1. Going by the conditions given, is L271 within 16 Å of ligand 1 (Cβ to nearest atom) and farther than 23 Å from E188 by Cα?
2. For the condition over 28 Å from D225 (Cβ atoms), open to solvent by 10 Å² or more (accessible area, probe 1.4 Å) and either more than 14 Å from ligand 1 (Cβ to nearest atom) or not aromatic (F, W, Y) (or both), what is the one hit in A119, A164?
3. Which residues, taken from segment 266-285, are surrounded by fewer than 17 Cβ atoms within 10 Å (Cβ to Cβ) and assigned to a loop (DSSP other than H, G, I, E, B)?
4. Right, S289: away from ligand 2 (no atom under 16 Å from the Cβ), more than 20 Å from D142 (Cβ to Cβ) and modelled with pLDDT of 95 or more or not?
5. Restricting to segment 68-85, and then to whatever is open to solvent by 60 Å² or more (accessible area, probe 1.4 Å) and not aliphatic (A, V, I, L, M), can you tell me which residue is farthest from Y36 (Cα to Cα)?
6. Residue check: is S207 of a type in the set (G, A, S) and surrounded by 15 or more Cβ atoms within 10 Å (Cβ to Cβ)?
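The values are calculated or read from the model by the stated rules, or taken from the named source; none is laboratory data. As the structure is a computational prediction, the values presented were derived from the model and not from experiment. Glycine gets a Cβ as well: all are built from the backbone with ideal geometry, and neighbour counts include every protein chain shown. Just the protein is used for accessible areas: all its heavy atoms, side chains included, with ligands, DNA and RNA removed. Shrake-Rupley method; radii C 1.70, N 1.55, O 1.52, S 1.80 Å.
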Amino acid sequence: MALNMKGKHLVTIHDLTREEIYQILDTATMLKLRLYAGEYTPILAGKTLGMIFQKPSLRTRVSHEVAMTQLGGHAIYLGPEDIKLGKRETTEDIAIVLSRFVNAIMARVYEHKIVEELAKYSSVPVINGLSDFSHPTQILGDLLTIREKKMHLEGIRIAYVGDANNVANSLIFAAAKLGMCITLACPEGYEPNQKVLSMTKADFEMSKGSVKIVRAPEEAVQGADIIYTDVWTSMGQEAEREERRKRFQGYRVDMKLVKMAKPDVIVMHCLPAHYDEELSYEVAKSPNSIIYDQAENRIHAEKGILVNLIS
Ligand code: CP
Ligand code: NVA
């Protein structure tokens, strides 16, 4: 029987059970197949998504907006200059008022506590469209992509190379829920957040997944099914860019590193990518790379999220 997720918030992947994650992925796959078959599925007719953005976006904005359109609903973009989140009125009042107008809120914010506050005061589901702590809609798209390419998720070995940022945190949450084994290669001082490691301890024990932190990317990629990387400098950290460029030398995913993993290893990156930093252009365009399928799957996964939380 289908689980009822209506009204639930999605602030981190940790908010979902294993079964809820699979239900979102199954809804996403079903809607993707229907779209590919040319069927129109207006399940969210008359529904509106309010989208708050404090930071720039290509994928998250466009995929949510098009997802709502393709499901018969509508999305409203509220950029930094529209509602001036944190500057014009309290986050509490924004959440209360906006949730009287729309059926769900998606928010991309600097500080994670802002999305938590929106969720606290909103009477409709709040979806985290990226904060400095987590990026759950990205990872649900990634799980859909991994399942399509590798046919399963449990036991998959992920090597994450680079900065243990919001995307890495969300991958750890997902690995813990679904029994995946993730090894992160990070320079000193850029390891995963202790809070994420303690929050996931019980889930890792239950799912038989694992999380390991190493220094050398060469060690992390041994036996990996997936190599995942992300930018060295995330949005909001621009002042640290030069320092980070120095600290992350040796953490670039290039062909030499890819050849040390399994022959059928897939390379993932949430994009936007910096080809002179964390990922070589050659790898991005190689047959191992699935970065554009991964980007496309944002829209399908988000449909899975929106349909389950709204309808
Ligand atoms: N991956 C991702 O969230 O991309 P955008 O920043 O373009 O939304
Ligand atoms: N870690 C990156 C992800 C961008 C989608 C950032 O937060 O900027």
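1. Taking the combined requirement at face value, the residue satisfies it.
2. Within the list A119, A164, the selection yields A119.
3. Hits for segment 266-285 are P272, H274, Y275, D276, K285.
4. no
5. Filtering first and then ranking leaves K84.
6. So S207 fits the description; yes.
Residue-by-condition table, conditions (1) assigned to a strand (DSSP E or B); (2) within 16 Å of ligand 1 (Cβ to nearest atom); (3) under 25 Å from A273 (Cα atoms); (4) over 18 Å from the mean Cα position of the chain (by Cα):
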site: T41; (1), (2), (3), (4): no, no, no, yes
site: R88; (1), (2), (3), (4): no, no, no, yes
site: D93; (1), (2), (3), (4): no, no, no, yes
site: I96; (1), (2), (3), (4): no, no, no, yes
site: I127; (1), (2), (3), (4): yes, yes, yes, no
site: F133; (1), (2), (3), (4): no, yes, yes, no
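Residue by residue, here is whether (1) out of contact with any Leu (no Cβ under 8 Å at 6 or more places or on another chain); (2) within 16 Å of ligand 2 (Cβ to nearest atom); (3) within 22 Å of V109 (Cα to Cα) holds:
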{"position": "N193", "(1), (2), (3)": "yes, yes, yes"}
{"position": "W232", "(1), (2), (3)": "yes, yes, yes"}
{"position": "Q237", "(1), (2), (3)": "yes, yes, yes"}
{"position": "R245", "(1), (2), (3)": "yes, yes, no"}
{"position": "G250", "(1), (2), (3)": "yes, no, no"}
{"position": "V253", "(1), (2), (3)": "no, yes, no"}
{"position": "M260", "(1), (2), (3)": "yes, no, no"}
